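Reviewing the structure listed below.
The values are calculated or read from the model by the stated rules, or taken from the named source; none is laboratory data. Treat the numbers as computed from the prediction; the structure is a model and nothing was measured. Don't worry about glycine lacking a Cβ; one is built from the backbone with ideal geometry, like all the others, and counts go over all protein chains shown.
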Amino acid sequence: MSVPRVAAPAVPVPGFATNAKLALVEFLLTSIDIQDSARRSIEWLVAHSSVSQAVVLVADAVSNEMVLVADHGVPSSAVVDFSVSRADAMHPLVEALNSPDPVFIEGLISTRYRVPLEGRSFHAIPLRAEERELGQGLLLVNAIGPELDADVVWLGRTLGKQVSRLLSRQSLSETRFGQERMLLYSIINAVTDPILLTDTEGKLIIANSHAEKLFAAPEEASEGWRRAVGLNNMLFSAALSTSAVGMAELARRELLLVDPLEGSDLLFELLSSRAKDERQGTYVVSILRNVTDLARAKEEIEESYRTLRVAQAEVRDERHRLDLIIDSVADPILVTDQEGDIVLMNTPAERLFNVPGVEDEAALRRVQANGANLTSFVSNVLTRSGEQRYRGEIQLADPVSGRPLPVEALAGTILSEQGELMWVVTILHDLTEAIEKARLYEQLKEASQELEQNVQEATAELAEQNELLRRQHIALEQASALKSQFLANMSHEFRTPLNAILGYTHMLLNNVTGQVTDPQRKSLSRIDSNARHLLALINDILDITRIEAGRMPLNITKFGVTELVDEVMSELEPIIRRSNITVESQMRSRLPPLRSDRQKIKQILLNLLSNALKFTPSGSVTMSAAYDARGNQMVMAVRDTGIGIAGEDQSRVFEDFRQLDSSPARGYGGTGLGLSICRRLSVMLGGSIELESQLGKGSTFTLRIPVKVKRR
Ligand code: ADP
């Protein structure tokens, strides 16, 4: 909005220049006011010529100064309180006033002198009544070149006459126009808020310098500046048109403008009100109050308030969390101030230091005693202000039950930034359990020492007994060796007379000493069979004693198992024949030859087979042999369907002299040494004998012998 500073007057239709001139002259003739005349004249000029800026200066006879009475298109800062002394003869305007002809002034004259059309080329046309007379004023118009427009010349002359006429009637000072105008300008310029006087459409009539900065762009303004000014004018007009500004009513609204120089946003409060002037018609006075800083400050205050609220909430949360934390600690926690007064405590602490709800004198006394004990502990901490941590023990009591409560108190001090002691935080830890544990530990230690003592004593006793046993064992071994030795010797001694008995009995039975009668033969047969039994017994005893005394030699030869089994069976052939049972051998083909003691294996097999025949009243007996390649063993078994052996007796049958069911009713005879000898012999050969049996169903004796016996 490049708005003229003074609203365009209602002028005659352009094109009818003469009519317009006549109208102006008519106005001037009737006018009695220099200000009105001057203003009307330059309005006419702006409307009818190429002139866009014009100023009228009139010389005041009293003050001898040229003062500005009307202006158009000139910033108020340039014309406000403008005057120039006529005494200043060197001033280009004074020179122009005194010049007979219009003066063309090109650009800036000198920094010393102020002119209203500062920085521009302009014409200064002296205003006078007649040619050659002294100039009484000046008409300044902007110029493109030195040529002067004929209309400007005409107006200069017309206005000169008018000014001269009016000045002869009234002094300029009398009109007081200049002063009033200057005063008005001074006042509105002194106000720091932008002030604008516009018509009801927002067209600018007067603006103070602060408003100009927002709404007017100087010639040299940059493109951005102009755009900002254009935008501000648009926003302002829009604000005025939308605010319902009633008569003498103050409208108030916010207006966001742009700082043309900075480009930043500026927030204003727009106060506008209508005023009615008889001459000017209705116009709007607007005052803009910059509230940018206010709005920013308000925002900042709101932000600080919000931050404060958040901080308050955080502090509240923090406090809540802290309460939860210290309440969740099972140990009592207390915070005391410099005076030793409790300022904070958790629930476990409350139980010790707060009076219980119920009326209980004893509990009250205990709480007081607890408090006194704590106070004396805290005052100890306070006196040792140099230390950050303090540890001690306090004797408290459970207020309700009265149970003594020894506690360990651990105190820490909290200092202010200045290093002053602010609070003491004390944590109490119940020592009852720890004391009980220590007591139990002591008991345990004593018991353990006692136990150790007992163990040591027992060990010593045991060692003594071991030694005794060892000696007894040696003595027993020696006695056993002696016994074996004795038995071996004695058995030999037994056999010699027995063989003699058998020899003689045999001779008598064979009638060598004459015919024996039947009763004699019967007796002799009894002698023979008893002597044989005794011999078998002696042989068995001899075998055992020889094995025990380590005097049973091994005679290793290579032999076949099948032949050996056949031999065993044929030796027992007479008994087999006499029995009612089936006897057979089951030999695996391709059995490897044995390298072992043939005689001893034969003795074992003979014994097993004769036992089987003896204890099998009916059924069958089977002898078998197989080779176990994995263990490189020969496995020979004697299986019968005889009387069998009860489970509990199965291990006992291998003991010396063990005969099962040894009652006189048993009809099997024997010495009870056979299986014992068999086991000893099999061990000698590096093998073993196993028994599987079921009472009443039969037994199987299995001999396992290494194919190659290892020499001992
Ligand atoms: P004995 O010379 O008395 O037969 P053994 O030592 O050979 O002595 O046998 C001990 C006992 O084992 C026997 O008295 C008998 O009770 C039992 N016994 C041995 N072999 C058999 C068998 N095949 N069936 C049942 N009992 C047996």
Residue in the stretch 408-465 that is farthest from residue 335 (Cα to Cα), counting only those that are over 48 Å from the mean Cα position of the chain (by Cα) and β-branched (Val, Ile, Thr):
459
Which of the following residues is in contact with a helix residue (DSSP H, G or I) (Cβ under 7 Å, 6 or more places away or on another chain) and in the same structural domain as residue 532 (by TED's automatic domain parsing): 494, 486?
494
So which residues in the stretch 532-562 are in contact with a helix residue (DSSP H, G or I) (Cβ under 6 Å, 6 or more places away or on another chain), modelled with pLDDT of 90 or more and not polar (S, T, N, Q), if there are any at all?
559
Assess whether residue 563 counts as being acidic (Asp, Glu), more than 16 Å from the ligand (Cβ to nearest atom) and surrounded by 13 or more Cβ atoms within 10 Å (Cβ to Cβ).
no
For the stretch 138-257, please list each of the helices (runs of 4 or more DSSP H) lying entirely inside it that holds at least 3 residues being at pLDDT 75 or above and within 30 Å of residue 62 (Cβ to Cβ).
150-169, 177-190
Assess whether residue 638 counts as being surrounded by 16 or more Cβ atoms within 10 Å (Cβ to Cβ), at pLDDT 95 or above and among the hydrophobic types (A, V, I, L, M, F, W, C).
yes
Counting only residues that are small (Gly, Ala, Ser) and modelled with pLDDT of 85 or more, the stretch 39-85 contains a total of 11
Qualifying position, being surrounded by 15 or more Cβ atoms within 10 Å (Cβ to Cβ), modelled with pLDDT under 90 and out of contact with any Gly (no Cβ under 8 Å at 6 or more places or on another chain), among 296, 289, 274, 321:
289
Among the residues of the stretch 516-550, which ones are of a type in the set (S, T, N, Q) and either under 60 Å from the mean Cα position of the chain (by Cα) or outside any helix (DSSP H, G or I) (or both)?
517
Are any of the residues in the stretch 104-127 outside the structural domain of residue 210 (by TED's automatic domain parsing), among the acidic types (Asp, Glu) and closer than 24 Å to residue 186 by Cα?
yes
Hits in the stretch 587-645 - residues which are in a strand (DSSP E or B), more than 10 Å from the ligand (Cβ to nearest atom) and closer than 15 Å to residue 691 by Cβ
635, 636, 637
Report every pair of residues separated by at least 6 positions or lying on different chains whose Cβ atoms are under 8 Å apart, first residue within the stretch 558-579 and part of a helix (DSSP H, G or I), second charged (D, E, K, R).
564/598; 564/602; 567/602; 568/602
Close pairs (6 angstrom Cβ cut-off, 6 or more residues apart or separate chains): closer than 30 Å to residue 539 by Cβ in the stretch 457-484, charged (D, E, K, R) and part of a helix (DSSP H, G or I) anywhere
484/548
Quick one: is residue 332 in contact with a Pro (Cβ under 9 Å, 6 or more places away or on another chain) and either of a type in the set (A, V, I, L, M, F, W, C) or buried (at least 16 other Cβ atoms within 10 Å of the Cβ) (or both)?
yes
Test result for residue 353, of a type in the set (A, V, I, L, M, F, W, C), more than 14 Å from residue 410 (Cβ to Cβ) and assigned by TED's automatic domain parsing to the domain that holds residue 410:
yes
Going residue by residue through the stretch 20-33, is there one that turns out to be farther than 16 Å from residue 122 by Cβ, surrounded by 22 or more Cβ atoms within 10 Å (Cβ to Cβ) and at pLDDT below 90?
yes
